[in-house]
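Quick notes on the structure that follows.
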Amino acid sequence: MTIDRKKHWETVYETKNPDQVSWTQQTPKTSLKFIKSFGIKKTASIIDIGGGDSKLVDNLLAEGFTNITVLDISAQALEKAKKRLGEKANQVHWIVCDITEFEPNTTFDVWHDRAAFHFLTTDTQIKKYIKTARASVSGFLTIGTFSENGPEKCSGLKIKQYNEEELALKFKDGFDKIKCVTEDHLTPFNTTQNFLFCSFKARGY
């Protein structure tokens, strides 16, 4: 059975508040730490893949970053983020798109993804994602996925778990691994999900 992914996520964001979904974080500390570690300028172009209504964008704006794009398959998710940000939402580029259909016309200094990549479970989806990243990342890439000790499903959908070697292997064509860390994410339901975060540098950068 093929799931209509857009419909699935529109429903999730239409019917649930942040405290009702497992991925909610008040402060995305690990993501921010990785982005800061790249030593980029405040004018660097940053894209948050599958950003939804994540608060990463709030934190990046507060840090003084001025060129931020948030992409998500769900228009509902982005509307929630815009509403939360108010006037500040005008400082952000918002893109409603399935990442496997994304065709950027620009390059990004930082490509950030926490918990979008692991929803791609077919070779076709994964290859399309990597091809797009390779063509549009001119600096750094940071990916957060469920680790081998993490859940096998999220939001009712199957996901693909990764260990450090597997994730590095996926991106070896075009990217050099910088570092990987694992962390336990405490959900709003007081359950724990183990994440793997890896950072990469575009080869030749």
Discussion item. Can you tell me which lysines have their Cα less than 17 Å from the Cα of Lys41? Leave out same-chain residues fewer than eight positions away.
Written reply: Lys33, Lys201
Worksheet item: If each residue's Cβ is checked for other Cβ atoms within 10 Å, how do Arg203, Arg114 rank with the fewest at the top?
Response: Arg203, Arg114
Worksheet entry | Distance-filtered residues of region 53-79 - backbone nitrogen under 17 Å, label point 7 angstrom along Lys88 Cα→Cβ | 53-71, 78-79
Worksheet, complete the sentence: The aspartates and glutamates whose Cα lies under 20 Å from the Cα of Lys177, excluding any fewer than 8 residues away in the same chain, are Asp48, Asp109, Asp113, Glu148, Glu164, Glu165, Glu166
Worksheet entry | Unpartnered cysteines - no second Cys beta carbon under 4.7 Å - across the chain | Cys97, Cys154
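Values in this text are rule-based calculations from the coordinates and carry no lab data. Keep in mind that what you see is a predicted model, and the values were worked out from it rather than measured. All Cβ positions, even for glycine, are placed from backbone atoms using ideal geometry, and neighbour counts span all protein chains on display.
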